[in-house]
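Report on one structure; see the data block that follows.
What follows draws every value from the coordinates through simple rules; no lab data is involved. Predicted, not measured: the structure shown is a model, and the values here were computed from it. FYI the Cβ positions are ideal-geometry reconstructions off the backbone, even for glycines, and counts take in every protein chain you see.
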Amino acid sequence: MKDADLYSFVYRGVLTEEALDKAGRRRRSHFGSEDARAVQRSLSFDYLDSDLLVEAQRMSVVYAALHAFENAVRITVTKAMAEKHGESWWDKVPERIRKMAKSRMDEDSKFRWHGARGATEVNYCDFSDLSSIIVTNWEVFDALLGNMEWAKAALNALEKSRNIVMHGGTLAKEDIERIGMNIRDWIRQAG
């Protein structure tokens, strides 16, 4: 294919993508207001107290950030440990954490009709377990995170807020701002 033909082909593809987006094409990763209304109907929102729903919807934004952050830390831990120790990196995790994760995986496997937390052991770790994995394998994370006490403090502060949100509690504005600060600092440090 000539350069001009290749350019024309690629440019037509870009224009087609833009036209599809302008025409209202929905991408798979998009969760819009129609999707939210459908889920709300499935969850019988009409039967729930409206004041409690407003507060829950406010906390759901916080939940989304914490959920994404926690799973980003899981990915970071998995990637760093696998780069250092290979496929057997899970053997370097403290035994207490490995046993708990195995127990939870075994329990999930009994209920095949229900979705599982994930496909690997790290998905069955508590948030605090991720911090323990980092601390007990600090040589793996030193270059990435730079300061163990800072990393522990950031994860500890986030865990406190996470636990409140995950268990139906409500956070104050200052707590939400602290979450944002800690997430932002962690991302800037760890990438």
Comparing A36, A172, A72 in a Gaussian network model of the chain (Cα, 10 Å), the one with the largest mean-square fluctuation is A36
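To make sure I understand, if each residue's beta carbon is the centre and we count other beta carbons within 10 Å, what order do D51, D142, D108 fall in, fewest to most? Don't jump to the answer; show the numbers that get you there.
Working: D51 8, D142 13, D108 16.
Fewest-to-most ranking of D51, D142, D108: D51, D142, D108.
With contacts defined as alpha carbon pairs under 8 Å and 6 or more residues apart, what's the relative contact order of the stretch 49-190 in percent? Don't skip to the answer; put the middle values down first.
Details: 87 pairs, mean separation 39.5, N = 142.
Here the relative contact order equals 28 percent.
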Of the residues G168, G32, G146, which exhibits the maximal mean-square fluctuation in a Gaussian network model of the chain defined by a 10 Å Cα contact cut-off? G32
Name the residue, out of S50, S33, S161, whose mean-square fluctuation peaks in a Gaussian network model built on the chain with Cα pairs under 10 Å. S33
Considering only the other residues whose Cβ falls under 13 Å of the Cβ of E95, what net charge follows from Lys and Arg at +1 and Asp and Glu at -1? +2
Within a Cβ distance under 14 Å of I176, other residues only, what is the Lys/Arg minus Asp/Glu net charge? +2
Nothing charged except the Cβ atoms of Lys and Arg (+1) and of Asp and Glu (-1): what's the magnitude of the dipole of the stretch 49-190 about its Cα centre? Round to the nearest 20 debye. 220 debye
Amide H to amide H, which residues 5 or more places from D126 or on other chains are under 5 Å from it, using H placed in the peptide plane? none
Placing +1 on the Cβ of each Lys and Arg and -1 on the Cβ of each Asp and Glu in the stretch 49-190, which of V135, A157, G168 has its Cα farthest towards the positive end of the resulting dipole? V135
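List every DSSP H helix in the chain whose Cα atoms extend 20 Å or more along the helix's own long axis and whose mean Kyte-Doolittle hydropathy is at least 0.0. Spell out each step's value before the answer.
Details: long enough: 3-22 (28 Å, -0.21); 50-85 (51 Å, 0.21); 95-109 (21 Å, -1.79); 148-166 (26 Å, -0.04); 173-190 (25 Å, -1.00).
Those that pass (Cα extent of 20 Å or more, hydropathy at least 0.0) are 50-85.
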Could you work out the helix-only [θ] at 222 nm for the chain, with each DSSP H run of four or more residues adding -39,500 (n - 2.57) and the total divided by the number of residues, to the nearest 500 deg cm²/dmol? -24000 deg cm²/dmol
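Where does the charge balance sit around R117 when Lys and Arg score +1, Asp and Glu -1, over other residues with C-beta under 12 Å from its C-beta?
Values: positive: R74, R104; negative: E70, E107, D108, E121, D126.
Here the count lands on -3.
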